[in-house]
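Engineer: Can you keep this structure in mind? I'll have questions shortly.
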Amino acid sequence: MAGDYILSVASTMLARIRNEEVLVVLSQVLADLVQGEFMQLGSKENENERFAHYLKKTFKKTASLLAYSCKAVAILSGADEDVQEVAFQYGRNIGIAFQLVDDQLDFVATSSQIGKPTGADLKMGMATAPVLFACEKFPELNPMIMRRFQEAGDVQRALELVHQSDGIEQTMFLARQHCQEAIKLDWLVSKICWALFLSWADSSSVSNK
């Protein structure tokens with residue numbers, strides 16, 4: 001209910017902006033969210049396609065909101081398409097990093113720290129990055145993934161195998177990579193914005209003479 005309320009308030013605020021391009025951009029977030037929910041219900045049988053499926057789902061369910069919000073801000077600022085794309089990629093990297101960290105917390109944090117039981121994703125049948133990385137060392141996880149950890153003992157066994165592998169470390173390594181990409185883009189956005197500001201300042205100075 002809280003999410004529905006926030007969504008309704010956000011929709012009202014968007015309507016007040018009265019910028020058609022921004023409305024189109026941010027409407028994609030809703031489409032991605034629905035598609036991401038459907039993607040979460042299934043898993044690829046091909047082991048090589050699973051991680052790509054996971055990252056695509058992660059973008060649609062989490063990173064899309066940040067990516068398109070950053071792009072919307074760029075549009076409202078009057079930035080050109082190149083800057084809009086940089087802003088989009090900045091948000092995308094931040095969003096994917098956020099979800100990767102959240103997914104690894106499901107295996108290392110206590111229920112009091114994250115507000116949900118340890119292994120909650122597994123109990124809902126979801127194979128996140130730590131599990132997918134752990135599959136490289138423990139192929140017995142593959143049939144568990146396909147049956148969505150529904151057999152007795154699947155969740156506990158999956159937890160044990162993830163901790164016996166380097167799945168958590170690999171997940172955090174990937175999260176840091178996305179953070180580093182975002183930092184590079186942040187520097188570029190700052191440089192572009194500074195150049196735009198100087199250009200605006202010069203034009204204002206000329207017009208006031």
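The values are calculated or read from the model by the stated rules, or taken from the named source; none is laboratory data. Keep in mind that what you see is a predicted model, and the values were worked out from it rather than measured. Every residue, glycine as well, gets a Cβ built from its backbone with ideal geometry; the counts of neighbours run over all protein chains shown. With ligands, DNA and RNA removed, areas are computed over all heavy atoms of the protein, side chains included. Shrake-Rupley method; radii C 1.70, N 1.55, O 1.52, S 1.80 Å.
Engineer: From the residues in segment 8-54 that are of a type in the set (Ser, Thr, Tyr) and farther than 19 Å from Phe88 by Cβ, which one is least open to solvent (accessible area, probe 1.4 Å)?
Structural biologist: Per the criteria, the residue is Tyr54.
Engineer: Would you please name the residue that is farthest from Gln40 (Cα to Cα), looking only at residues in segment 60-104 that are of a type in the set (S, T, N, Q) and assigned to a helix (DSSP H, G or I)?
Structural biologist: So in segment 60-104, the residues of a type in the set (S, T, N, Q) come out as 62, 64, 69, 77, 84, 89, 93, 99, 104.
Right, trim to assigned to a helix (DSSP H, G or I) and you get 62, 64, 69, 84, 89, 93, 99, 104.
Details: Thr62: 12, Ser64: 15, Ser69: 23, Gln84: 29, Gln89: 23, Asn93: 20, Gln99: 14, Gln104: 17 Å.
Once the filter is applied, the top-ranked residue is Gln84.
Engineer: Which pairs do you get when a residue that is more than 22 Å from Lys57 (Cα to Cα), found in segment 99-113, comes within reach of a residue that is modelled with pLDDT under 90, reach meaning Cβ atoms under 8 angstrom, with the pair 6+ apart or on two chains?
Structural biologist: Ala109/Thr118; Thr110/Thr118; Ser111/Pro117; Ser111/Thr118
Engineer: Restricting attention to segment 108-124, does a residue exist that is within 18 Å of the chain's Cα centre (by Cα), of a type in the set (Ser, Thr, Tyr) and in a loop (DSSP other than H, G, I, E, B)?
Structural biologist: no
Engineer: Looking only at segment 69-91, filter to residues that are closer than 15 Å to His178 by Cα and touching an Asp or Glu at 6+ places or on another chain (Cβ under 9 Å); which one of those is most open to solvent (accessible area, probe 1.4 Å)? So that I can check it myself, show each step before the final result.
Structural biologist: From segment 69-91, those closer than 15 Å to His178 by Cα are 86-91; that's our starting set.
Those still in the list that are touching an Asp or Glu at 6+ places or on another chain (Cβ under 9 Å) too: 89-90.
Working: Gln89: 48, Tyr90: 70 Å².
The residue in question is Tyr90.
Engineer: Listed residues Leu26, Leu33; which is among the hydrophobic types (A, V, I, L, M, F, W, C), touching a Ser or Thr at 6+ places or on another chain (Cβ under 8 Å) and more than 27 Å from Pro130 (Cα to Cα)? It would help to see each step written out before you state the result.
Structural biologist: Values: Leu33 fails: more than 27 Å from Pro130 (Cα to Cα).
Selected residue: Leu26, the only one of Leu26, Leu33 that is among the hydrophobic types (A, V, I, L, M, F, W, C), touching a Ser or Thr at 6+ places or on another chain (Cβ under 8 Å) and more than 27 Å from Pro130 (Cα to Cα).
Residues are listed down the side, and each one gets a yes or a no for (1) out of contact with any His (no Cβ under 8 Å at 6 or more places or on another chain); (2) among the aliphatic types (A, V, I, L, M):
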{"position": "Ser43", "(1), (2)": "no, no"}
{"position": "Phe51", "(1), (2)": "yes, no"}
{"position": "Lys60", "(1), (2)": "yes, no"}
{"position": "Ala79", "(1), (2)": "yes, yes"}
{"position": "Val86", "(1), (2)": "yes, yes"}
{"position": "Ala120", "(1), (2)": "yes, yes"}
{"position": "Pro130", "(1), (2)": "yes, no"}
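Engineer: Being open to solvent by 30 Å² or more (accessible area, probe 1.4 Å) and of a type in the set (S, T, N, Q) is the filter here; which residues of segment 100-148 pass it?
Structural biologist: Thr110, Ser111, Ser112, Gln113, Thr118
Engineer: Against the condition acidic (Asp, Glu), more than 24 Å from Ile96 (Cβ to Cβ) and exposed (fewer than 15 other Cβ atoms within 10 Å of the Cβ), how does Glu151 come out, does it pass?
Structural biologist: Details: acidic (Asp, Glu): yes; more than 24 Å from Ile96 (Cβ to Cβ): yes; exposed (fewer than 15 other Cβ atoms within 10 Å of the Cβ): yes.
Taking the combined requirement at face value, the residue satisfies it.
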